[in-house]
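Comments concern the structure below.
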Amino acid sequence: MAQEQGNTRKVAIYRYDPTVGGDGHYDHYDLHIEDETNTTILDVLLRIQREQDSTLAFRYACRVNMCGSCAVVINGREGLACKTNVSDFAESKDLTIRPLNHFPVVKDLVVDMGPFFEKYEECLPFFEPRDMSEEPAIIRPDSIERRAIGFSTECIACGCCVSSCTMVNYHDGYAGPAPLNRAFTLLLDSRDALYEERLDRVLQSCYNCRTEFNCTEVCPKEISCTRSIKFIQRLAIKEPFRAKAKSKAEAAASAPAHGENVAAEPCAAHASGEAGQCGCDENLDTGRRNFLAKVTVGLGAVSALTVGGVLASTFVGQSLDKKEPVWVPAGKLGDLKEGDVTTVNLRYVENVGFYNQERVKPVMIYRNQEEDKVVVYDSRCTHLGCSVHWDARQKLFLCACHGGAFELDGSVKAGPPPRPLATLEHRVENGNILIAMV
Amino acid sequence: MTDFQKVLLQRIGWDVHLKPFLYKKLPTNLGWSVTLGSLCVMLFVLLAVTGMFLAMYYSPSPDKAYQSIEYIMNDVPMGDILRGIHHWGAGAMVLAVCLHLYAVFFNGSFKAPRELTWIVGVFLLFATLGLGFTGYLLPWDQKAYWATVVATAIPGDIPVVGEGITSLILGGQVSGFTITRFYAIHMLVLPTVMIVLIAAHIYLVRLHGVSDHKPKAKGELDAAANHATTTKLYRFYPEHCGRSTLVFIAVFGAIIYLSIFADIPKEGIVGTVDESYLPRPEWYFMWIFQLLTFFSGSTEVIGSLGIPTLCAVVLLGLPFIEKSKHVGMAKRPLATAVGVSSAVVIVYLTITAFAAARDYGGEILLPERNLTETENAGLQIYVKQDCAYCHQTSGEGGRRVGPDMARLNPKGRTKEYLAAYVKDPQAQSSFSIMPKYPMKQDELDALAEFMLALDFRDNAGRLIEKREVLEQGKAKESVSLVTGH
Ligand code: SF4
Ligand code: SF4
Ligand code: FES
Ligand code: FES
C-alpha cells in the first residue's frame, strides 16, 4: 500500500575518498519518498546513509536553517540541505547533490571551510567598541543606520554565496560575498571603532565583484551581498570627505594640548637626565646664553637684510623705468592705402641700457582721408602680446596665438583678448608720418 | 683589507653613515614606478653636465646668442649631439618628473607622514618647468622670443602689480637684459634651488622611508618579522640602483637616438618678421597654451591665471585635501577618477593644440567624381578666399569656426541661398559671425555650386593639396590668355 503512494527518485551524489584521491565520481541511488513536501534533501542524505550506504559523508547540525553547516549544491544550485524540500524539484527530475564550489573537498559532500573563514577574518568580522559604557549601546530599529544594514546581519556563514560567485574563482585575493557582507554590517555600525582599518581591508577586494547577483540569488537567508558590496563601494567614494571631516574634528579636539612645554625645556638631554652628553654647559648662566642667542639672530638678520636689499635693488634695476618713446618715420602719408589698412614694418634702433638693438616691428595704419582719420594700431595682441596681422580678405586683425580677432576699429570680435587693440601716437610732418614706439 | 683601506673607510664614516645609506632595505613589493624618482635625478645630472659644456661656447647677448648656438651646432665637433642631449634630455626630464608625480599620486604615497616630501617634490616640478622655460629663451630664436612674450604677459592680468611683475621678469622688456637674466636664472639660480630641493627630498624620503604600497597591520608585521629570511631582499644598492640604471639607460638611449637622428626644430632669429609664423611653446606647455583659447574677453583671466594657479594650489595642498589613510588606486576611487581625468584632459589638450597648429586649409576634400567647369571655378575661389581656414569639410581641415561644408546638402540649402549668404551673412542670419564677401554675382554662384558639390553622403571623397589647386588655376588662366577666351 505504501508502495503506491509517493515517488521514487534517482539520486546522484558526488563521492570523493581522500585515501584514494583523484577527481571523485558520482554514485547513484534510488530512493522511494512517500511525502515529498515533508522530506528535505537532508532527510534524503540521512536515509541513504542509514539505508543504503553508511560510508556517505556530509555535514549538518541544527536541521532548522540556523547553523549553515549543511550547504551543498543541489541540481546545480547552492542551498541548505535542511531547507530544501524534495518537492521543490519536479517529480520527474532526478536529484544531483555535490559539495560547494571553490572549497577544497574533505570527503564526499564535506568541504574545508578553512580558507573561507580565513578570508572572513581578514575583513575583521568582529566588533570593537568605540566607547566603553556600562549601559548597552542601542541602535534603534527604526533608525536610518539600522534600516540600511537590513537583513545583512542574518548571515549564518553557510558559504552558498561564495560557492555561487564566479569571481571568487578568478581572483585569489577576492574576499567573496559573505566576508564583505559581514564587513558591511560593521562598517555601518556607528558603535564600532575599526571603521578605517576594516574599510582598508575590504576596498582592495570589493572591486572584484562584477555585480552578477549570483550570491543574492542563492542566499538561504535572502541577504543581498551584492547590495552590501555596492554599499562599500559607495563608502569608498565618500571616504575622502569623511576622512577630512574627521581629521578636522581631531585637530579641533587636540589643539589646546599642544604648545605648552616647548620653550620650557632648554635642552632635551637635560630633561631626560643625560646632562653632560648634550654638549651644552649647565653652568653657563641662562641670561648670558639668551643674550648670545639674540645677538646671533639679530646680527644674522641684519646681514641677511643688507644682502637682500642689495640683491633686490639690483634685481629691479632699470626694469620698472618708464621708457621714452622713439619717433620712427613710417613713410609718406600719401602712400598709404586710402580707406584701408597698411602694414608697415618699422625699423629703428632701440636703446636699452648699453644694448642698441635693431628692431623691426610691424604697425598697422588705417587711413581714411574723407573722415580725415589716421589710426596707428600696435601689432601687439592685447591678450598675451603675440603679433597681430591685418587680414584684408576678412577685414579683421587676426592673432595666430589663440585665435583672437579684432574689428577695423580695434574692438575685439572674437577670441581671448580682453581689450581693444592699442593705438600708437603719431604725428605728421611735411607729409611724413612719424610713430611713437615704446 | 689593507690597513690603509680600513683607515680610509673609518675616516669617511663608512660603517656609520655611508654603508647603512647604501644598503638600506626597501619594501619588497615596490613596482617599477619607484625608479622614476631616481630617473629624475639621473636626468638632472645629465642636463647639468651637458649644460656646463654648452656654456663654454654659448654667449648670452642678443647679437651673439643665436650665432653661438649655430656655432655649437655646426662647428663644434659633436656640438650638435651635445645640444641634442641637453634639448631632448630636458623634455625627458619634464616627462619623468610628471610621471613620478602621477605615480606617487596614484599610489597615495604622499600621505602622512610624507606631506613635506610631496610639497618639496611639487616645488621640484615648478623648478623643472622653470628651467625648461628659461632654457628655451637662450637660443634667441622666434620660438624663444614669442614663448617668452606670451608667458611673461600672463602675470600682466593681475590687477595693479601685474605689469610690474612682467617687467621684473623680463628686466624691462624683451632685450639683452632678458637674456642675461634668464641665463643667470637658468644656469645659477634654478640649478642651486634644484640641488637644495633634491637633497631635501631625498633626505625626507629616507627619513620616512619609501612608502609601502600594501601596508601591513601590526600583527601581520610581527608575523612577517618571524619569516624575514624567506622574503626576498630589495635594497637601495644594488637592487634598486640596478633597476633604476636599467630604466635610465633605456631613456638615455632614446635621447642619444634623437640627438643623432632627429633635428632640433630650427627657427629664425628674434626679430624676423613673418606673418605666417605661429608662436608655439615647447610641447610640455602646449596644453596650457591650448587652455587659453577656451576663454574669451572678461573670462580670459580664468584660463591664463585662474586655472594654472588653482592647479598649483591643489598640487601643493593635496596632502591636506585628501586625508584618508588609504593608499593605492583601488581604495581611492574618487582620487583615482580625478587623477585619470586630469591626465586625460592634459593629453587631450596637448593633442588638440598640436592639431590646431597645423596649416589650416592645406588640404581640400573633394567628391570622387570630376568637377564641372563652374564647380572648378568655385573651387578656385574657395581656395583663394581660404574658406577652409574656418570651415571643415566632413571633419577635414579648418578651425571649425563655421559650419561643416558637408552638412549643407543634408540641410537642403539652395544655390541662391548660399550665394546670398556668402555675400552678406548678417542679412540672412543676424547672429552670423562670418565676414561679408562682396564678390561678383557669377563668382558667388560658382562658389555656391561648388559648395553644393561637397556631398559626401555616398562617397568618401578625396583629399587634394591646396597648392595643387592653385597651380591648376594658374594653368587655366594662362590657357585662356593664349586662346583669348
Ligand atoms: S550571505 Fe547568505 S549565502 Fe552567504 S554565507 Fe551568509 S547566509 Fe550563507
Ligand atoms: S554579485 Fe558580486 S559577490 Fe555576488 S556572486 Fe556576483 S560577483 Fe560574486
Ligand atoms: S543543518 Fe544547520 S542549516 Fe542546515
Ligand atoms: S596673444 Fe593674441 S590671442 Fe592670445
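None of the figures in this text is laboratory data; all of them are computed from the coordinates on show. All figures in this text were calculated on a predicted structure; none of them were measured in a lab. Quick reminder, even Gly has a Cβ in these numbers, built from the backbone with ideal geometry, and neighbours come from all protein chains shown.
General remarks:
- Total charge dipole magnitude, chain A, about the Cα centre, Cβ charges on Lys, Arg, Asp, Glu only, Debye to nearest 20: 1480
- Gaussian network model of chain A, springs between alpha carbon atoms under 10 Å - residue of A:THR84, A:THR19, A:THR166 with greatest fluctuation: A:THR19
- Gyration tensor over the Cα atoms of chain B: the corresponding equivalent ellipsoid has semi-axes (square roots of 5 times the eigenvalues, largest first) of 55, 29, 23 Å.
- Positive-end residue, the protein assembly as shown charge dipole about Cα centroid, Cβ charges, pick of A:GLN357, A:CYS123, B:TYR203: B:TYR203
- Exposure proxy ranking, count of Cβ atoms within 10 Å, fewest first, for A:ARG242, A:ARG147: A:ARG147, A:ARG242
- Förster radius 51 Å - calculated FRET efficiency between B:TYR102 and A:SER92 (Cβ-Cβ, nearest 0.05): 0.25
- Partners for A:LYS83 among lysines (Cα-Cα distance below 17 Å; same-chain residues under 8 apart left out): A:LYS221
- Average other protein chain Cβ within 10 Å of Cβ, residues A:353-366: 3
- Net charge of neighbours whose Cβ lies under 9 Å from the Cβ of A:ILE13, counting Lys and Arg as +1 and Asp and Glu as -1: -1
- Projecting the Cα atoms of A:VAL295, A:VAL341, A:GLY317 onto the charge dipole of the stretch A:284-438, computed from C-beta unit charges around the Cα centre, puts A:VAL295 farthest toward the positive end.
- Average Cα contact separation per residue, the stretch A:78-226, under 8 Å, 6 or more apart, as relative contact order %: 29
- Helix-only arithmetic for the protein assembly as shown: the sum of -39500 (n - 2.57) across DSSP H runs with n ≥ 4, divided by the residue total, places the mean residue ellipticity at 222 nm at -13500 deg cm²/dmol.
- Two-decimal ratio, chain A, of alpha-carbon radius of gyration to 2.2 N^0.38 Å: 1.98
- When Rg and the Kirkwood Rh are both derived from Cα coordinates, the Rg/Rh ratio for the stretch A:144-234 amounts to 0.94.
- Prolate/oblate/rounded call for the stretch A:298-409, Cα gyration tensor, a/c under 1.5 rounded: prolate
- With only the Cα atoms considered, the stretch B:277-432 has a convex hull volume of 198 Å³ per residue.
- The distance separating the Cα centre of the stretch B:134-148 from that of the stretch A:1-44 comes to 87 Å.
- Net charge contributed by nearby residues that have their C-beta within less than 9 Å of A:CYS158 (K/R +1, D/E -1): 0
- Mean separation of Cα contacts under 8 Å, 6 or more apart, over the residue count of chain B: relative contact order %: 17
- In terms of the mean number of neighbouring beta-carbon atoms within 10 Å, the peptides A:105-116, A:293-304, A:221-232, B:68-79 order highest first as A:221-232, A:105-116, B:68-79, A:293-304.
- Nearby lysines by direct alpha-carbon distance to B:LYS423 (threshold 30 angstrom, same-chain neighbours under 8 apart not counted): A:LYS337, A:LYS373, A:LYS395, A:LYS413, B:LYS384, B:LYS411, B:LYS415, B:LYS436, B:LYS440, B:LYS466, B:LYS474, B:LYS476
- Between the Cα long axis of helix A:286-316 and the first principal axis of chain A there is an angle of about 60°, rounded to the nearest 10.
- Dipole of the stretch B:92-213 computed with +1 at Lys/Arg Cβ and -1 at Asp/Glu Cβ about the Cα centre; of B:THR180, B:VAL150, B:PHE126, farthest Cα towards the positive end is B:PHE126.
- About its Cα centre, the dipole of the stretch A:44-175 is roughly 500 debye, where the only charges are +1 on Lys and Arg Cβ and -1 on Asp and Glu Cβ.
- The magnitude of the dipole of the protein assembly as shown, with charges of +1 and -1 set on the Cβ of Lys/Arg and Asp/Glu and taken from the Cα centre, is near 1180 debye.
- Separation between Cα centres of the stretch B:322-396 and the stretch A:112-187, rounded to whole Å: 50
- Value of relative contact order over chain A, rounded to a whole percent, pairs C-alpha under 8 Å and six or more apart: 9
- Separation of alpha-carbon centers, the stretch A:313-333 and the stretch A:48-107, rounded to whole Å: 96
- Residues whose amide H falls under 5 Å from that of B:LYS24, counting only those 5 or more places apart or on a different chain, are B:PHE236, B:TYR237, with hydrogens built in the peptide plane.
- Helix A:195-206 axis, angle to chain A major axis (alpha carbon atoms, nearest 10°): 80
- Look at the stretch A:378-388: the mean tally of other chain Cβ atoms within 10 Å of its residues' Cβ atoms is 6.
- Shielding by partners - mean other protein chain Cβ count within 10 Å, residues of A:341-347: 1
- FRET efficiency, 1/(1 + (r/R0)^6) with R0 35 Å, evaluated for B:TYR257 and A:THR423 via beta carbons: 0.10
- The listed peptides B:286-293, A:188-195, A:317-324, ordered by packing as a protection proxy, come out as B:286-293, A:188-195, A:317-324 (highest mean of other Cβ atoms within 10 Å first).
- A Förster radius of 41 Å combined with the Cβ-Cβ distance from B:GLU275 to B:GLU368 puts the calculated FRET efficiency at roughly 0.70.
- Modelled label positions at A:SER411 and B:TRP283, each set 7 Å beyond Cα in the direction of Cβ, lie 4.3 nm from each other.
- In plain terms, the residue of A:HIS102, B:HIS201 with the fewest other Cβ atoms within 10 Å comes first and the most crowded comes last, giving A:HIS102, B:HIS201.
- Of all beta bridges that DSSP places with both ends in the protein assembly as shown, some 95 percent have antiparallel geometry.
- Neighbour-count order for B:PHE285, B:PHE53, fewest beta carbons within 10 angstrom listed first: B:PHE53, B:PHE285
- 18 Å cut-off, amide nitrogen to a point 7 angstrom out along A:LYS244 Cα→Cβ, residues in the stretch B:312-330: B:312-327
- Taking a ≥ b ≥ c as the square roots of the eigenvalues of the alpha-carbon gyration tensor, the protein assembly as shown is classed oblate because a/c is 1.5 or more while a/b is no larger than b/c.
- Fully extended contour minus Cα-Cα distance, from A:ASN356 to A:ARG191, at 0.36 nm per residue: 51.5 nm
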